[in-house]
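In what follows, a structure is listed as structure tokens, so that the remarks can point back to it.
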Amino acid sequence: MSQAGRTVRGCGGSSLRQETEKGYFGPFGGRYVPETLIHALEELEEAYETYRNDPEFGEERDRLARDFVGRPTPLMFAERLTRKWGGANVWFKREDLAHTGAHKINNTLGQILLADRMGKERIIAETGAGQHGVATATVAALYGKECIVYMGEEDTRRQRLNVVRMKLLGAEVVPVLSGSRTLKDAVNEAIRDWVANVEDTHYIIGSVVGPAPYPRIVRDFQAVIGTEIEAQSRERLGGDPDAIVACVGAGSNAIGAFHPFVGRENVRLIGVEAAGRGLATGEHGASLAEGMLGVLHGAKSYVLQTEGGQIREAHSISAGLDYPATGPEHAFLKDEGLAEYASVTDEEALSALQTCSRLEGIIPALETAHAIFYAEKVAGELGRGKNMVINISGRGDKDVEVAANALGIGSEEADAVSGPDPSPSTTSDEASS
């Protein structure tokens, strides 16, 4: 049975609360770290509060966002996908067109500006799909900083192209051999490095996870996505979209797209997790659907774990969704009923990747493909005349080899696996079987 129909709504009240005292979103978040890191986190928080409204900081960030990153990214009408699905108008927020090929650069640009003002000359990061690593290496090169990126050995194999990109940009890529050798383990190693080198090192966390103040800082730097969606929708659509759909691993692209719209009853906010090989198999990355309250990497959120509190291994065909927890603000939005969350399998994401590629001429990241698959259901629920924005969080260049292997492209079985080319006249059943 398809996992795409599984939607999780929070059961809490409808009141909207912003970040609460000491970095909490309701009961989620916090700062669960070794004493060694407390000063560094306080220093980061103080720097952020000092510079976030500083005119010179803002001018430098805005100039680089425009001239270096290429913002604003377009809001594009996906005409052929709209016709195929037969429901709401489908719009793509094209974060794949940002420099380095994904939304990750929004956060790394903001954080490198903070690191530079804090006098940190050594930059470290974790990466799963490699996009955050590339974005970190990019801004480190721009500012002349030493850069070390931790990446699970399994992900270095899946994302070889991004490993090469990071090295070309001057970063040292350190394969992590422990655990499942994926994103969780890369974060573990980055934190160990930070503890040992905290005086001269800034850790650019790649998503809305980690100890406070990271979830808020990353959200604020990614909120440019939602701010642009808001302005572009008013210009193109005459008002807010009826729904915004985005993939959720740890959740930075989704929280960035959602943030300006949180609490607006006229806009559905829908995050799509990785159901992997199916929720029933236990091999997935759907922590909001299947996780329990716990602490991982310094913050309290929903975490995939055993009854005894041991962290379970996550699985997804997309390296960026292969993480056993989600950001604390997403947990808060779920429990407050302010956003909806669903899950999509590896197979369904591969189907959506092909559909988007053939109908719109855009090869999306496998992470994004999860959102695209579920968006067909949302388009049908909304109906004609409504407007839905899908955040195209990144491009799929990095995933071509993984997709080719999974689909048998280049083999004798390729045609049988991929089937006939989708066309505007085909029914939506093709993509939802």
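The values are calculated or read from the model by the stated rules, or taken from the named source; none is laboratory data. These numbers were taken from a predicted model, which means no experiment stands behind them. Note that we place each Cβ from the backbone using ideal geometry, even for glycine, and neighbour counts take in every protein chain shown.
In region 67-90 there is at least one residue that is more than 21 Å from GLN354 (Cβ to Cβ), touching a Leu at 6+ places or on another chain (Cβ under 9 Å) and aromatic (Phe, Trp, Tyr). Every condition in (1) in contact with a helix residue (DSSP H, G or I) (Cβ under 6 Å, 6 or more places away or on another chain); (2) of a type outside the set (A, V, I, L, M); (3) over 23 Å from TYR48 (Cα atoms) is met by ASN188 except one, and the failing one is (1). Of all the residues in region 377-411, those that are part of a helix (DSSP H, G or I) and of a type outside the set (A, V, I, L, M) number 8.
Residue selection: ARG264 satisfies the criterion of being surrounded by fewer than 18 Cβ atoms within 10 Å (Cβ to Cβ), touching an Asp or Glu at 6+ places or on another chain (Cβ under 8 Å) and either among the small types (Gly, Ala, Ser) or assigned to a loop (DSSP other than H, G, I, E, B) (or both).
Yes or no, residue by residue, for (1) within 28 Å of ARG157 (Cβ to Cβ); (2) out of contact with any helix residue (DSSP H, G or I) (no Cβ under 8 Å at 6 or more places or on another chain); (3) modelled with pLDDT under 95:
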{"position": "ASP67", "(1), (2), (3)": "no, yes, no"}
{"position": "THR73", "(1), (2), (3)": "no, no, no"}
{"position": "MET76", "(1), (2), (3)": "no, yes, no"}
{"position": "GLU79", "(1), (2), (3)": "no, yes, no"}
{"position": "ASN106", "(1), (2), (3)": "yes, no, no"}
{"position": "LEU109", "(1), (2), (3)": "no, no, no"}
{"position": "LYS120", "(1), (2), (3)": "no, yes, no"}
{"position": "ILE123", "(1), (2), (3)": "yes, no, no"}
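Which of the residues belonging to region 140-168 are over 27 Å from ALA404 (Cα atoms) and free of Cβ contacts under 8 Å to residues at least 60 places away in the same chain? Of everything in region 140-168, those that are over 27 Å from ALA404 (Cα atoms) and free of Cβ contacts under 8 Å to residues at least 60 places away in the same chain turn out to be ALA140, ALA141, TYR143, GLY144, LYS145, GLU146, CYS147, ILE148. Screening region 387-411 for residues that are charged (D, E, K, R) and crowded, with 17+ Cβ neighbours inside 10 Å and picking the one that is nearest to VAL267 (Cα to Cα) gives ARG395.
Of all residues in region 143-185, those that are surrounded by 22 or more Cβ atoms within 10 Å (Cβ to Cβ), in contact with a Phe, Trp or Tyr (Cβ under 7 Å, 6 or more places away or on another chain) and at pLDDT 95 or above total 1.
Looking only at region 236-245, decide whether some residue is of a type in the set (Gly, Ala, Ser) and under 22 Å from LYS398 (Cα atoms). No, the conditions are met nowhere in region 236-245.
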